[in-house]
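Below: one structure, written as structure tokens.
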Amino acid sequence: MDFDPKKLDQEARNNAKENKQFLAKLKKKRPKSLDDEAQRLHNEVFEYTDCLACANCCKSISPIVLDRDIDRLANHLRIKPKELIEQYFLLDDDGDYVFRETPCPFLMPDNYCMVYESRPKACREYPHTDRRRFYQITSLTYKNTFICPAAFDVVEGLKPIFDK
């Protein structure tokens, strides 16, 4: 199944207001079963979501890269952390390391990751839809609905359960 980023963006825009209000409500109400339902939907969605067919996250956004991520990547690439930072990263307005450019410099033409085993924590956990205390990341989840079809589908799946 080919991924169409324009189609996802359009669907996310069509549902933007509704999704933003819904996720704000979830953040405020913090339903007891939210984490369990999000986890269930995450697992369900990833049964049919092929990240290699998409890789939109790798092509369009940069994760926050922690010091331990830099150490792990530098070790993987057999270069010094300082060299890795100089070559691939910059500090954003929040003081976090992010990639200098998109798409990710480690993304290969077939959408595989050149450093998959050593990829940053944020990449490992993306799109964060199986995270505990899901209510804490509703703003991030909203943003991710424009980038990740799985995040979009998880939010759409949560609406009939909690939007009563």
Can you tell me which residue within segment 26-82, out of those that are under 19 Å from the mean Cα position of the chain (by Cα) and among the hydroxyl-bearing types (Ser, Thr, Tyr), is most open to solvent (accessible area, probe 1.4 Å)? 48
Kindly indicate which of 143, 121 is in contact with a helix residue (DSSP H, G or I) (Cβ under 7 Å, 6 or more places away or on another chain) and under 18 Å from residue 62 (Cβ atoms). 121
Any residue at all in segment 117-135 that is without any contact (Cβ under 8 Å) to a residue 24 or more places away in the chain, within 19 Å of residue 45 (Cα to Cα) and either aromatic (Phe, Trp, Tyr) or not in a loop (DSSP other than H, G, I, E, B) (or both)? yes
Kindly provide the set of residues from segment 51-80 that are touching an Asp or Glu at 6+ places or on another chain (Cβ under 6 Å) and farther than 17 Å from residue 123 by Cα, ordered by number. none
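The values are calculated or read from the model by the stated rules, or taken from the named source; none is laboratory data. As the structure is a computational prediction, the values presented were derived from the model and not from experiment. Every residue, glycine as well, gets a Cβ built from its backbone with ideal geometry; the counts of neighbours run over all protein chains shown. The area values use the complete protein model at the heavy-atom level, side chains included, leaving out ligands, DNA and RNA. Shrake-Rupley method; radii C 1.70, N 1.55, O 1.52, S 1.80 Å.
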